[in-house]
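J.: Structure provided below as structure tokens; questions to follow.
What follows is calculated from the coordinates using simple rules that are stated; it is not laboratory data. Note that this is a predicted model, so its numbers are computed, not measured. Methodologically, a virtual Cβ is constructed for each residue, glycine included, from the backbone with ideal geometry; neighbour enumeration extends over all protein chains shown.
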């Protein structure tokens, strides 16, 4: 065999090995995104299971605002639908509604001293608040995994392998600017 042929085969082997390394790296990133999503999904499911208990605790007080409870129930349903469909965009929008409804629910609950002293309500409120904080933490991890994935899928030479094997960019889990803004406490209590 000629030296030129050996060099060509050696170069071809190096390129193939490099492509395999890129492919394996992209597979790892794809699974990191899926794992991060699964972590969010577990927390959303836990919160989904807790919300009916909170609504029921509030319903025990006949005069409690039914409109606020209904808004939370509807938002919970939209979050569940988006979660099951793994529609990150719809989930972000549904989360905005749910967080807004929960904020109103907790603000309205301040006007009911009997409800505020109810141990069940207080435990549920603390549990849901803890889940909200955990979801925010997991959302940050998910978005970081998605960002790393998206950068690698677009970078050269990874983009060549990504296109060849249908690796694609994933959507970030974003909330609206209204969700990130400071809460107007005066408006909540008027």
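J.: Quick one: would you say residue 67 is over 30 Å from residue 162 (Cβ atoms) and in contact (Cβ under 8 Å) with a residue 40 or more places away in the chain?
T.: no
J.: Among the residues in segment 10-18, are any closer than 24 Å to residue 126 by Cβ and part of a helix (DSSP H, G or I)?
T.: No - not one qualifying residue is present in segment 10-18.
J.: If you don't mind, another one. If I filter segment 1-51 down to residues being in contact with a helix residue (DSSP H, G or I) (Cβ under 8 Å, 6 or more places away or on another chain) and either without any contact (Cβ under 8 Å) to a residue 12 or more places away in the chain or farther than 30 Å from residue 78 by Cβ (or both), which single residue comes out as surrounded by the most Cβ atoms within 10 Å (Cβ to Cβ)?
T.: Filtering segment 1-51 down to residues in contact with a helix residue (DSSP H, G or I) (Cβ under 8 Å, 6 or more places away or on another chain) leaves 19, 22-23, 25-26, 29-30, 32-33, 35-37, 39-41, 43-48, 50-51.
From the residues that got through so far, the ones that are either without any contact (Cβ under 8 Å) to a residue 12 or more places away in the chain or farther than 30 Å from residue 78 by Cβ (or both) too are 19, 22-23, 25-26.
On the way: 19: 16, 22: 21, 23: 16, 25: 13, 26: 18.
Ranking the qualifying residues of segment 1-51, first place goes to 22.
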